[in-house]
Amino acid sequence: METLAINKIAINALKSDIKKLSEEQKFLKNQRKAVHIKGERTMEPWVAAMKHRANREKLRIMFAAYGLMRGQSFSQIESKHSEEEHPLKNFLPSISKTIENYNKLSDATKVNSKGENLIMNFIGKI
């Protein structure tokens, strides 16, 4: 039961980070425009384009980690490719590291028997 709760905490943390990064992607998409920008320009278009590209790769890894944590296969996460030759297999070390980091974070947020929050212990180790 406790493992299920930890996994749920990790999934929710990953889901909220995906939402934050997705919102940033919407902002960066608008900032990439050179002519028809909506609102005020806060950064150069080339800087926004570079950040958008980096975030896109990070989001793909995070979405894959989210799907695997929920028990889906690669072909269910991105259905354009077959399971045998799926391009997400190239990102497997990054995906595994992301899952491991979120599981550690969920372990650190548990409260121990003394009532202390273990997140402070986790932050101290970083």
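FYI, it's all coordinate maths here, none of it is from the lab. Remember, it's a predicted structure, so these values are computed and weren't measured experimentally. Positions of Cβ are backbone-derived with ideal geometry, glycine not excepted, and every protein chain shown enters the neighbour counts.
Okay, here's what the table says:
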{"read-out": "Selection from the stretch 36-57 of residues that are surrounded by 16 or more Cβ atoms within 10 Å (Cβ to Cβ) and among the basic types (Lys, Arg)", "value": "Lys51"}
{"read-out": "Per-region count, the stretch 14-33, residues surrounded by fewer than 13 Cβ atoms within 10 Å (Cβ to Cβ) and under 17 Å from Ala64 (Cα atoms)", "value": "3"}
{"read-out": "Of all residues in the stretch 22-48 being in a loop (DSSP other than H, G, I, E, B) and β-branched (Val, Ile, Thr), the one that is nearest to Ile61 (Cα to Cα)", "value": "Thr42"}
{"read-out": "Per-region count, the stretch 61-79, residues in a loop (DSSP other than H, G, I, E, B), touching a residue at least 40 places away in the same chain (Cβ under 8 Å) and more than 10 Å from Ile11 (Cβ to Cβ)", "value": "0"}
{"read-out": "Subset tally (residues that are within 17 Å of the chain's Cα centre (by Cα) and of a type in the set (Val, Ile, Thr)) for the stretch 11-53", "value": "2"}
{"read-out": "Sole exception among (1) in a loop (DSSP other than H, G, I, E, B); (2) closer than 20 Å to Ser106 by Cα; (3) not aromatic (Phe, Trp, Tyr) for Ser82, by number", "value": "(2)"}
